[in-house]
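The values are calculated or read from the model by the stated rules, or taken from the named source; none is laboratory data. Keep in mind that what you see is a predicted model, and the values were worked out from it rather than measured. A quick note on method: Cβ atoms are made from the backbone with ideal geometry, for glycine too, and the neighbour counts reach across all protein chains shown. Calculation scope for accessible area: heavy atoms of the full protein, side chains included, ligands and nucleic acids excluded. Shrake-Rupley method; radii C 1.70, N 1.55, O 1.52, S 1.80 Å.
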Amino acid sequence: MMKILVAEASLTSPHLFSLFCKANPKSMADAIVSVFLEKLLNTLAEEGLYVTKFREQFEKLQTELQLMQCFLKDADRLKRKNDTINKVLAVLRELIYEAEDILADCQLQSRDDALFSNGCLTCISPSVLHFKHQNGKRINEIIGEITQIKQNIQSLLGGALLFQPNAINGKDQMPRWSSQVYDHTMVVGLEADTKKIKDWLFEAAREGKQEILAIGVVGMGGLGKTTIAQKVFNIEKEIDDHFDRRMWVSVSQTFTEEQIMRSMLRNLGDASVGDDANELLKKINQYLLGKRYLIVMDDVWGEDVAWWGRISQGLPKGNGSCVIITTRNERVSRKMGVKETRIHRPKFLNKDYSWLLFQKIAFAASEGQCIYPDLEDVGKEIVDKCEGLPLAIKAVGGMMLCKASYYHEWRRIADHFRDELAENDDFVMASLQLSYDELPPYLKSCFHSFSLYPEDCVITKQQVVHWWIGEGFVPLRSGRSSTDAGEDCFSGLINRCLIEVVDKTYNGTILTCKMHDMVRELVIKIAKDDAFSVTNKTNCRHSGITNNMDRKQLTANPKLRGLVSTTKSGEVNKIESSTAKKLSEFRYLRVLDVSKSIFELPIGSLLFHIGSLHHLTYLSLSNTHPLIELPASLEKLTNLQILDLSYCHNLRTLPHNLITLSKLKVLDVSNCGSLECLPKGLGRLSNLEVLLGFRPARSSHGCRIGELRNLTRLRILGLHLTHADEVEENEVNAMANLRDLENLSISCFDSHGSDLTSKLDKLYPPQQLYELSLKFYPGKMSPAWLNPIALPLLKYLSISSGNLANVNQNFWGYNNIVWKIQGLMLESLSDLELEWPMLQEAMQSLRIVNVSWCPELVSFPIDDVGFRGGVWIKG
């Protein structure tokens, strides 16, 4: 058994012990232990055969780890001060990972024996005896090594580790705020900055200058350069009045000239896939010829800007076109043609603005006002340490939003911040490190996942939430669905300002996010230190799939648990057949996401052996090519919880054995144009929470809509209906008793025949529906059930495209029964006739209305509703 020897500590044990006792932020090691204990407790409750055989050992391991958790809460701070603790934690991390793999093997062996047991013979088969002997021996060794680590830690700290129930009873398991709390587009103290840039732009546009006007926004990271540029860029009406085209390009530290031009073309509505690199600039010129345009080159780093000289040379001149350049380096802006008179240098926020920004975030629950007199002084002390830098203020504000409003808690964090600054004179990184240290363990694991994504990458919320669920990072408490819990984790990071919102729906649901480069710098360092993701070693647990990944290094790593596509928007991965075949060899892989990838051969054949990935819980083949059919061995993935096949346009059928994947919680087959229906018997998947792209079969050979009655845990349902015979008369109540259903989307794109409308009129949703979307509705009159009596809890309604011209009389309610709708979107409804006063009377709770391409609407408080329209927000 390996011995962990204690080297002479660089700090004395009493000092270490005092540090340990002063604060209680959670470490990466605590995150790994917490995830493992969560899985262990759930597995012990299931009482599988081999888990039960090793129960005594697993419970002893559980006790040792629970004793250590009180230390692990502060381990990240201590390991930064003491290399010995750092080494001890690295060993502990590897032991936990190995214990988790053994636990997973025990679960798998228990299930296999239950399926294929042949009486007592199974118990004495050579393979089973070998399994029991090897794993039993190794668990005992792991327990011994962890006990040794615990003793060494006690020696270092100069005190015993005591059992603390709060460390493992879920005290920190659920976030204080489980949804977005404040407006992330909010800006404080930058109004004069945006006005100055805007005035420069509009002056150039009016004068029609012959050369492209270059404007520089220059300053240190986190000062708000990008925010200022975004505020100007997003003033849609004013910008559109002055410029015909606008393009936003994020220039990362590692970029190519070709990537810049392809990004410009995507802004102009051209995907440019397959275009020759030499032709890109010519296409850009053609799009912009005779137009006045605005370009933002955001976050330019390197002083070698020859690429900009070549691009700008090929752009049409005249008309007063402009480029805004944001950079930390003033020399960069000058080399890109910015004159001194057009360089803007944002200033740090003054004390009043700093406190105002902090209040709007930390006290968002009380409308941005500090209503706790005892917290004001300590709050201002924390803010003063941020020295007026918006990024730092937002980070600590988001952290305090998620803390209890008690003086002693705020005092503890203020002292922690002071200690960080004493060791790190970079107050920006100190504030970010503080925010990380104070994360609960489950959010640390979620936060680490962002280390895989490249700089300036726009990340879909769905991908990371599915990843977290697949790896077990998401804690499940009080019967909450895993998808709900995953959304809560995402909100936890958003509210702490560790990730930034990019795109939202009309009702505020976040679709995509990104990470500030300074936060990304922190998470990459942490992930590297803890072997979560490392770019130059073969012992990391997670890796991203990109076109420039080291394929040899990837396939040589036997410890991978997560392999995730991290390519940027508008780009695709090209995966060689030799690499694709290797994907099925990572024995302990939990997460496999190869979305947005092109393969040399049909994916079904390349992933023929995917069934050997027995621990796989999340598989995404979204937007891959060529995918015509799924590999037959898919049925062996009995632990699969999430299967994403969206945007697989050539996928024709799903295997019938799909219905045997009893743990499946998410099935997404949306936008699969060639898929006619789902397999018969889908109703057996009783754990499904999300089903998207469901096309009911027109005959008994596939899954009829009536099978939805059995999917009683559904929360989100996306229906695609095109023919009347997809819904029989005895199936119109298929959704009526889905009591957990919150979000329903019905699309009738490419529908046929008028009979479908009469069927839709009878297809009543459940009464507790929260959000409804109707797309391409074929009828002239809204369905009879679209009324406040049938849907009394509906909060958000979206109707887009289709033939809708009038609403049913029931839509307006009666006897003082009105809608509770807060958000409404109407889009591309050329025949719909509605009057704003009547709508306001029927929807008295309306807070936001988004309208476009609806020319027959009357008296709406939105300009140009028949064209691009806009948004009305209740004042």
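Here is how the numbers come out for the structure above:
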{"item": "Elements of type strands (runs of 3 or more DSSP E) in the range 790-875, at least 3 residues being buried (at least 19 other Cβ atoms within 10 Å of the Cβ)", "result": "796-802, 823-827, 848-852"}
{"item": "Complete set of residues in the range 314-327 that are buried (at least 17 other Cβ atoms within 10 Å of the Cβ) and either more than 38 Å from the chain's Cα centre (by Cα) or not polar (S, T, N, Q) (or both)", "result": "Leu315, Pro316, Asn319, Gly320, Cys322, Val323, Ile324, Ile325"}
{"item": "Listing of strands (runs of 3 or more DSSP E) fully contained in the range 618-689 that carry 1 or more residues being among the charged types (D, E, K, R), farther than 21 Å from Leu583 by Cα and open to solvent by less than 10 Å² (accessible area, probe 1.4 Å)", "result": "666-668"}
{"item": "Test: residue in the range 465-472 that is part of a helix (DSSP H, G or I) and free of Cβ contacts under 8 Å to residues at least 60 places away in the same chain", "result": "yes"}
{"item": "Test: Leu661 is among the hydrophobic types (A, V, I, L, M, F, W, C) and either closer than 28 Å to Cys540 by Cβ or in contact with a Pro (Cβ under 7 Å, 6 or more places away or on another chain) (or both)", "result": "no"}
{"item": "Any hit, the range 269-276, residues being surrounded by fewer than 19 Cβ atoms within 10 Å (Cβ to Cβ) and either under 22 Å from Leu213 (Cα atoms) or in contact with a Ser or Thr (Cβ under 9 Å, 6 or more places away or on another chain) (or both)", "result": "no"}
{"item": "Count of residues meeting criterion [open to solvent by 30 Å² or more (accessible area, probe 1.4 Å) and of a type in the set (S, T, N, Q)] in the range 188-202", "result": "0"}
{"item": "Number of the exception - Ser435 against (1) under 20 Å from the mean Cα position of the chain (by Cα); (2) open to solvent by 10 Å² or more (accessible area, probe 1.4 Å); (3) among the small types (Gly, Ala, Ser)", "result": "(2)"}
{"item": "Options Leu786, Leu769, Leu692; residue that is in a strand (DSSP E or B), crowded, with 17+ Cβ neighbours inside 10 Å, modelled with pLDDT of 95 or more and among the hydrophobic types (A, V, I, L, M, F, W, C)", "result": "Leu692"}
{"item": "Number of positions in the range 473-520 that are assigned to a loop (DSSP other than H, G, I, E, B) and small (Gly, Ala, Ser)", "result": "4"}
{"item": "Identity of the residue in the range 551-595, crowded, with 22+ Cβ neighbours inside 10 Å and more than 23 Å from the chain's Cα centre (by Cα), that ends up farthest from Glu94 (Cα to Cα)", "result": "Ile575"}
{"item": "Residue match in the range 742-760 (condition: open to solvent by 10 Å² or more (accessible area, probe 1.4 Å), within 27 Å of Val666 (Cβ to Cβ) and hydrophobic (A, V, I, L, M, F, W, C))", "result": "yes"}
{"item": "Qualifying positions in the range 599-617 - open to solvent by 10 Å² or more (accessible area, probe 1.4 Å), assigned to a loop (DSSP other than H, G, I, E, B) and of a type outside the set (D, E, K, R)", "result": "Leu601, Pro602, Phe608, His609, His614, His615, Thr617"}
{"item": "Residue match in the range 541-556 (condition: in contact with a Lys or Arg (Cβ under 9 Å, 6 or more places away or on another chain) and acidic (Asp, Glu))", "result": "no"}
{"item": "Residue in the range 398-432 that is most open to solvent (accessible area, probe 1.4 Å), counting only those that are within 19 Å of Phe363 (Cα to Cα) and basic (Lys, Arg)", "result": "Arg411"}
{"item": "Test: residue in the range 569-578 that is of a type outside the set (A, V, I, L, M), touching a strand residue (DSSP E or B) at 6+ places or on another chain (Cβ under 9 Å) and assigned to a helix (DSSP H, G or I)", "result": "yes"}
{"item": "Residues being open to solvent by less than 10 Å² (accessible area, probe 1.4 Å) and under 29 Å from the mean Cα position of the chain (by Cα) - total across the range 363-381", "result": "2"}
{"item": "Filter result for Thr483 (closer than 19 Å to Leu511 by Cβ, free of Cβ contacts under 8 Å to residues at least 60 places away in the same chain and open to solvent by 10 Å² or more (accessible area, probe 1.4 Å))", "result": "no"}
{"item": "Filter result (more than 18 Å from Glu676 (Cα to Cα), β-branched (Val, Ile, Thr) and open to solvent by less than 30 Å² (accessible area, probe 1.4 Å)) within the range 709-741", "result": "Val732"}
{"item": "So Ile324, is it closer than 23 Å to Glu207 by Cα and either in a helix (DSSP H, G or I) or modelled with pLDDT of 90 or more (or both)", "result": "yes"}
{"item": "Unmet criterion (only one of (1) open to solvent by 50 Å² or more (accessible area, probe 1.4 Å); (2) among the β-branched types (Val, Ile, Thr); (3) more than 25 Å from Asp426 (Cβ to Cβ)) for Ile260", "result": "(1)"}
